[in-house]
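Trainee: The structure under discussion is supplied below as structure tokens; questions concerning it will follow.
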Amino acid sequence: MSGEIAVQDKVAYISGGTSGINLGIARHFADLGASVMVFGRDAAKSAAAAETLRPKAKGRMLGLAADVRDHAAVAGIFAQAAAELGPPDIVIAGAAGNFPAPAAKLSANGFKAVVDIDLMGTFNTFRAGYDLIRRPGVMIAISAPQGTRPRLLQSHVCAAKAGVNMLVKCLAMEWGPENIRVTGISPGPIEGTEGVARLAATPEMKAAWVDRQPLRRMGNLADIAQLAAYMVSPAASFMTGAIVPCDGGSELA
Ligand code: COA
């Protein structure tokens, strides 16, 4: 059956899975019976994140270290994960970098750092995943409302996430015939994440942000994790190339 996949007994590799939204997805998938490999730049943080997934898990958990900007490093840990957990059914590109900065004050290297982590990092993760992923398989990029809406102080992130959105659509076209679905999630502000802490540094900034949200609240980790589980499930087997907003209406405001 075309594109069919469920979380239980599947193998998921998740970049940026050591914290925030991506760790939330990793935890939900682990609780549903998947084996999960999470990775970030920091080996100790990656190992600690995998440890937090173990208590309820039926599958096996692995925490490895690679910088998503380095394709060879990502391919290297994917080979290691494949040897230990088996090839992935699910690949999630969640690693991201963000800080608020006016373009006039942003150095070329600052712009590049975010484009490299978000856009190159997504390509590197998906490209390394392509070589191993089982068919049928599913890839999810974690995008952002900045991918479709221009924002002040976010030129670097808007450019990078718009690229991520287009990459998802192009890969969905190229890899669909091989039974690989390529999709994206566009989370709005999610409570307790580093991203929100960076973009709303004070309670006043946070309150003003909530006030601009049509649903008048920030999201939580479960909002995104449950959507990710749906997107890799048989219920979504006809979905590819879609970047699904789960943002309390951020994209509209
Ligand atoms: N404002 C303006 N420029 C900034 C900046 C800020 N707040 N933070 C970093 N930069 C610039 C640096 O000055 C540097 O440019 P320069 O060499 O011209 O001075 C460039 O960005 C790279 O900085 P560096 O700290 O060397 O990069 P890094 O690769 O170690 O880190 C970042 C990448 C900058 C994106 C860092 O914030 C990061 O690692 N983020 C990951 C976590 C995260 O952002 N989570 C939220 C996700 S939504």
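The values are calculated or read from the model by the stated rules, or taken from the named source; none is laboratory data. In this text, all values refer to a predicted model and were calculated from it rather than measured experimentally. So basically every Cβ, Gly included, is an ideal-geometry build from the backbone, and we count neighbours across all protein chains shown. For accessibility, only protein heavy atoms count, side chains too; no ligands or nucleic acids. Shrake-Rupley method; radii C 1.70, N 1.55, O 1.52, S 1.80 Å.
Trainee: I'd like the Karplus ³J(HN,Hα) series for segment 123-135: coefficients 6.51, -1.76, 1.60, θ = phi - 60°, whole numbers in Hz, and an x wherever there's a Gly or Pro.
Mentor: Here the 3J(HN,Hα) series is 4, 4, 5, 5, 5, 5, x, 4, 5, 10, 4, 5, 10 Hz.
Trainee: Okay, next question. May I ask you to order 15-27, 131-143 by the average number of other C-beta atoms within 10 Å around their residues, highest value first?
Mentor: So the order, starting with the most tightly packed, is 15-27, 131-143.
Trainee: Further question: Each label point is 7 Å from the Cα along the Cα-to-Cβ direction; what then is the distance between the points at ALA242 and GLU174, in nm?
Mentor: 2.4 nm
Trainee: What value in Å³ per residue do you get for the convex hull of the alpha-carbon atoms in the chain?
Mentor: Measuring per residue, one finds 117 Å³ for the Cα hull of the chain.
Trainee: Can I ask one more? If we count every other residue with Cβ under 15 angstrom of GLY33's Cβ, Lys/Arg +1 and Asp/Glu -1, where does the sum land?
Mentor: Summing Lys/Arg as +1 and Asp/Glu as -1 gives +3.
Trainee: Something else: Whole-Å semi-axes of segment 163-253's equivalent ellipsoid, largest first, each the root of 5 times a Cα gyration tensor eigenvalue?
Mentor: Those come to 30, 13, 11 Å.
Trainee: On to the next question. Report the charge-dipole magnitude of segment 1-141 in Debye, nearest 20, computed about the Cα centre from +1 at each Lys and Arg Cβ and -1 at each Asp and Glu Cβ.
Mentor: 160 debye
Trainee: Given a 1.4 Å probe, how much area per residue of the chain is accessible, in Å²?
Mentor: I get 44 Å² per residue for this part.
Trainee: Still on this structure, please answer the following. May I ask for the angle, rounded to the nearest 10°, between helix 71-85 and the longest principal axis of the chain, with both axes built from Cα atoms and the value confined to 0 to 90°?
Mentor: Between the helix axis and the principal axis of the chain, the angle is about 40 degrees.
Trainee: Something else about it: In the chain, what percent of the accessible surface is made up of carbon and sulfur (1.4 Å probe, ligands and nucleic acids excluded)?
Mentor: C and S fraction of accessible area: 60 percent.
Trainee: Note the angle between two axes, namely the Cα long axis of helix 43-53 and the longest principal axis of the Cα atoms of the chain, as a number of degrees from 0 to 90, rounded to the nearest 10.
Mentor: 70 degrees
Trainee: Further question on the same structure: Roughly what angle does helix 20-31 make with the longest principal axis of the chain, taking Cα atoms, 0 to 90 degrees, to the nearest 10?
Mentor: Long axis of 20-31 versus the principal axis of the chain: about 30 degrees.
Trainee: Near the amide H of CYS246, under 5 Å away, which other amide H atoms are found, from residues 5 or more places off or on another chain, if H is placed in the peptide plane?
Mentor: For CYS246, the qualifying residues are SER186, GLY188.
Trainee: Only sites in a loop by DSSP and with at most 10 other Cβ atoms within 10 Å count here; which GluC sites (Glu not before Pro) in segment 162-229 make the cut?
Mentor: Passing sites in segment 162-229 do not exist.
Trainee: Same structure again: Between the alpha-carbon centers of segment 209-248 and segment 115-194, tell me the distance in whole angstrom.
Mentor: 14 Å
Trainee: Students often get this wrong, so check it: of LYS161/LYS206; LYS56/LYS161; LYS56/LYS169; LYS58/LYS169; LYS45/LYS161, which have C-alpha atoms separated by over 32 Å?
Mentor: LYS56/LYS161; LYS56/LYS169; LYS58/LYS169
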